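One structure below.
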2 protein chains.
Amino acid sequence: MNNKLTITMKQFKYIFLVSIFFSIFFMSCETSEKETQKETQKETQNTQTAITETDPLPSWNEETSKSNIIAYVSDVTNTESKNFIPIKDRIATFDNDGNLWSEQPIYFQLFFVIDKIKLMADAHPEWKTQQPYKAVLENNMDELMKQGERGLLQLVMATHSGNTTEEFKSDVQEWVKTAKHPTKNVTYDKLVFQPMLELLQYLRANDFKTYIVSGGGVDFMRAFVTEIYGIPEEQIIGSRIKTEFDYNDGNPVIRRLAELEFVDDKEGKPLNIQKIIGKKPVFASGNSDGDLPMMQWTASNKYKNFMLYVHHTDSVREWAYDRNSHIGRLDKGLDQAINDGWTVIDMEKDWKVIYPFELNN
Amino acid sequence: MNNKLTITMKQFKYIFLVSIFFSIFFMSCETSEKETQKETQKETQNTQTAITETDPLPSWNEETSKSNIIAYVSDVTNTESKNFIPIKDRIATFDNDGNLWSEQPIYFQLFFVIDKIKLMADAHPEWKTQQPYKAVLENNMDELMKQGERGLLQLVMATHSGNTTEEFKSDVQEWVKTAKHPTKNVTYDKLVFQPMLELLQYLRANDFKTYIVSGGGVDFMRAFVTEIYGIPEEQIIGSRIKTEFDYNDGNPVIRRLAELEFVDDKEGKPLNIQKIIGKKPVFASGNSDGDLPMMQWTASNKYKNFMLYVHHTDSVREWAYDRNSHIGRLDKGLDQAINDGWTVIDMEKDWKVIYPFELNN
């Protein structure tokens, strides 16, 4: 196992943010039971609305966000329109955490880190007395916080590196099958947003190429989200760690190294879009200030473009947070959205259901 | 203009190789006229062969390389076959230089560097007395060689960075429209291999997703090869320099910085394939040892796979070189291809024509 740690300024900034999410986590858990009760009531109310087959966005209420989306797609796919966009340039980019699925009380990838450390502990008896592992194994979060960014990076690297791409994929797939969200009490793959699944499908039906562009780990996402979102591996873009190729006597592997290579957040999003896609999106969707540069880049497209923000306004069915949140903070982005006339989804008002399982209730 | 130079070990290795190509260039030019004469004779002989409409590879002679390709594609796309590959996993990766177009006497991207320095000289009067620019402007290649790797990197960065992605794209597009190959005397975009164009088309007709995975600059290629090969920008992978996002008061740009970020050669190829595509190819095509790790990675696919080497054996119509060449060296790769039963194209014997313009002769 390669556990060498190399920390750059950029990584420090990233880890600092991530560590804040941990602390938020343990505040949020206190209110979780109350939320679950309210949630159940609201779900019942909302799923009674009839869903027609001809409606491309059946889980969306007839509000401005829905009509804006349909007006845009109808316009740019109409060959008679001056705003027509050739199919090859219909690039749509979606943030993942907080945009296609929930991100509270902490990014779901961090639950994987915690769970995986516990799973790995048998093979690492030294962790019983060694920080930051000891704190995780004892569920001692005060102590874990004291370990700071460096401690957190150690945990991330212990669970994300020192293995091959195939081994890591299998780790994540095993986890997602069984691990459950602490307050929603379902596996994490159930916590995707039904209205966004419909939007992805609607765009693809209109020959848009849908991409995920997320701050989350690209190999973490690729292990399981392709099926959920209908987005192939090659259209998933995210943060990544360094890797090395090993011919391995004719059984080649790619080994994951304990060093961050690229953080796909803020300015990293348009940069990665240019590096990997090489085209400016015409449609971008996000939920936080971390998505703002991607939105700004999209808004500068010569083609008619569409910027969509998910505003988390539903404290009952999901979570409510924006300008003052430490996770998924939406502050400057909200100002620019209002100022520039971008579409902002009011989750509480605009969405009939949040999660796919509500459709069956 | 940002002309700060940062050189890592990897960049040194890259630049060292590139500088060798320069020296090769000036050796090769001496024999160019003789070659051109022979070329004309041979072209005439070869284009008289009839091309039938039902043949997916009409510019290929009925040799083993053609029958191997057709047998493979027929097998893995046959739903009744035990070797059937689902469409989503039909990833085919192609090297560019020496594989989809010629690469002699130097990589064509280096001609762009030389031409562009000359174009930029008016705005840089100081270059008249300043190396390595002076050597380029005076066509003094002995002096240029003395400037070594550092000099070459300065030239590359002067022509590839300090501008925005849009400006660079327009530079390359302008160049490719007018610049001509020193011995073939046609614009560079004419020097693509007709048989490979047919192979790309044949694979796509069978639902393979075709990618370029090249040591060349990704933004250099994207500026003009999409049309030529029918490969969209997002399926072009290559070497790249660092970039930065600038909101630029509401007119966002991505600026190209004078620092290499990733060299997409040798082990870099499978690493970049994993980073960007996230799937192992089932079909890989290259022409040099720089492609060998990509071939090895492909050969380890659980699906039936196909490794294809272009062997430059045609000193008359194209160029002949392999084990001892400083550019496009094919030595270890040729050994492994022979040993492992990969398909090796004998360009002289297997291809009826080399370039598309020969079809009209």
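The rotation axis taking chain A to chain B passes closest to this chain A residue's Cβ, listed with the gap in Å: A:ILE276, 3. In this structure the protein assembly as shown gives 42 Å² per residue of accessible area when probed at 1.4 Å with all protein chains present. Near the amide H of A:HIS312, within less than 5 Å, lie the amide hydrogens of A:TYR321, all on another chain or at least 5 residues away, with H placed in the peptide plane.
Along the axis of the charge dipole computed for the protein assembly as shown (Cβ charges of +1 for Lys and Arg, -1 for Asp and Glu, origin at the Cα centre), the listed residues B:PRO356, A:TRP60, A:VAL225 are led at the positive end by A:VAL225.
Rounded to the nearest 20, the Cβ-based charge dipole of chain B about its Cα centre (Lys and Arg +1, Asp and Glu -1) stands at 720 debye. Chains A and B together bury some 3000 Å² of accessible area, summed over both sides, with a 1.4 Å probe. Put a plus charge on the Cβ of each Lys and Arg, a minus charge on the Cβ of each Asp and Glu, and nothing anywhere else: the dipole of the protein assembly as shown about its Cα centre is then about 800 debye. Remark: relative contact order (chain A) = 25 percent; criterion is Cα-Cα distance under 8 angstrom and separation of 6 or more residues. Projected label points at B:ASP115 and B:ARG150, each 7 Å from Cα along the beta carbon direction, are separated by 3.0 nanometres.
Between A:THR243 and A:LEU257, the built amide H atoms are under 5 Å apart, and every one of these is 5 or more places off in sequence or on another chain. Charge dipole (Cα centre; +1 on Lys/Arg Cβ, -1 on Asp/Glu Cβ; no other charges) of the stretch B:81-137 amounts to roughly 160 debye.
Our coupling estimate for the stretch B:229-245, obtained by passing each phi through the Karplus curve with A = 6.51, B = -1.76, C = 1.60 and θ = phi - 60°, is 9, x, 10, x, 3, 6, 10, 10, 10, x, 6, 8, 9, 5, 9, 9, 8 Hz, Gly and Pro reported as x. Between A:ILE87 and A:GLU174, the contour length at 0.36 nm per residue exceeds the alpha carbon distance by 27.6 nm. Measuring nothing but protein heavy atoms, the accessible surface of chain A at 1.4 Å probe radius is 49 percent carbon and sulfur. Compare the Cα positions of A:GLY328, A:LEU137, A:SER161 along the charge dipole of chain A (+1 at Cβ of Lys, Arg; -1 at Cβ of Asp, Glu; about the Cα centre) and return the one farthest towards the positive end. Value computed over the given set: A:SER161. Think of it as helices only: each DSSP H run of n ≥ 4 in chain A is worth -39500 (n - 2.57), and spread over all residues that comes to -12000 deg cm²/dmol at 222 nm.
For the stretch B:201-254 and the stretch A:191-221, what is the separation of their Cα centres, given in Å? Taking the Cα centre of each part, the stretch B:201-254 and the stretch A:191-221 sit 22 Å apart. Not counting the cut sites, what is the longest span of chain B without GluC sites (Glu not before Pro) that DSSP labels loop and that have at most 16 other Cβ atoms within 10 Å? Answer from the scan: B:139-361. Label-point spacing at A:ASN83 relative to the other copies reads 5.0 nm, in ascending order, each point sitting 7 Å out from Cα along Cα→Cβ. Label-point distances for B:ASP249 to the equivalent site in the other copies, using a point 7 angstrom along Cα→C-beta, read 6.5 nm when ranked shortest first.
Provide the FRET efficiency to the nearest 0.05 for the B:GLU166-B:ASN139 pair, computing r from the beta carbons and using R0 = 30 Å. Computed FRET efficiency for B:GLU166 and B:ASN139 comes out at 0.45. Ordering B:GLN147, B:LEU271, B:VAL253 by the projection of their Cα atoms onto the charge dipole of chain B, which places +1 on the Cβ of Lys and Arg and -1 on the Cβ of Asp and Glu, puts B:LEU271 at the extreme positive end.
Starting from the label point of A:ASN206 at 7 Å along Cα→Cβ, the same points in the other copies fall at 3.7 nm, in ascending order.
Measuring heavy-atom accessible area with a 1.4 angstrom probe and counting protein chains only, the residues of the stretch A:230-263 that give up at least 40 Å² relative to the chain alone are A:GLU233, A:GLU234, A:ARG240, A:THR243, A:PHE245, A:TYR247, A:PRO252, A:ILE254. Taking only the C-alpha atoms of the stretch B:164-254, Rg followed by Dmax gives 15.5, 48 Å. Pairs exceeding 19 Å between alpha-carbon atoms, taken from B:LYS88/B:LYS280; A:LYS118/A:LYS180; A:LYS275/B:LYS275; A:LYS275/B:LYS177: A:LYS275/B:LYS177.
The values are calculated or read from the model by the stated rules, or taken from the named source; none is laboratory data. Remember, it's a predicted structure, so these values are computed and weren't measured experimentally. Quick reminder, even Gly has a Cβ in these numbers, built from the backbone with ideal geometry, and neighbours come from all protein chains shown. When the accessible area is computed, the model is the full protein with side chains, heavy atoms only, and any ligands, DNA or RNA have been set aside. Shrake-Rupley method; radii C 1.70, N 1.55, O 1.52, S 1.80 Å.
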